[in-house]
Amino acid sequence: MTIDVLFSKIHRVTVTGAELNYIGSITIDSILMKAANLIDGQKVSIVNINNGNRFETYVIPGKENSGEIKLNGPAARLAEKGDIIIIISYAAMTKEEAQKHKPTIVFPDENTNRLILNV
């Protein structure tokens, strides 16, 4: 049996855009994606600090070092440009694996969304 545990988190980034007329997803600066061990198409949970919305979508890479955090498609209705969000990924692990796992936590600068600390 496996359980879902925190795999990685990008803590408190600022939404730089929202594009309703798009197929759907969240665009994330590829530097932040790499730091958080996220891959193109991976499912993530989003928590909006400003309004409390919680939702799931999938990741697409943004331009490297752009600071881009853009919600696309229906997710664009759940956050606005300037909102602060947390991006969370989970992994299915056995209890034994989970007890040994150390999640990756990324702390970007909230004003620029550039990587400043990776724990």
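The values are calculated or read from the model by the stated rules, or taken from the named source; none is laboratory data. Every value quoted in this text rests on a predicted model; they were computed, and no experiment measured them. Cβ coordinates were reconstructed from backbone atoms using ideal geometry, including for glycine residues, and neighbour counts include every protein chain displayed. Areas reflect the complete protein model, heavy atoms only, side chains present, ligands, DNA and RNA absent. Shrake-Rupley method; radii C 1.70, N 1.55, O 1.52, S 1.80 Å.
General observations
- Candidate values (1) 13.8, 43; (2) 14.9, 49; (3) 13.5, 37, label of the one derived for Rg and Dmax of the Cα atoms in Å: (1)
- In Hz, Karplus ³J(HN,Hα) per residue of the range 101-114 (6.51, -1.76, 1.60; θ = phi - 60°; x = Gly, Pro): 6, 10, x, 8, 10, 10, 10, x, 5, 5, 7, 10, 6, 8
- Computed FRET value (nearest 0.05) for H101 with N50, which takes r as the C-beta separation and R₀ as 22 Å: 0.15
- Given K9/K102; K34/K95; K9/K100; K9/K95, the pairs whose alpha carbons are separated by over 22 Å: K34/K95
- Percent accessible area from carbon and sulfur atoms, the chain, protein chains only, probe 1.4 Å: 51
- Total formal charge among the other residues, if their Cβ is under 13 angstrom from that of T14, Lys/Arg +1 and Asp/Glu -1: -2
- Spin-label zone in the range 77-119 - amide nitrogen under 11 Å from a point set 7 Å from the Cα of V5 along the C-beta vector: 91-103
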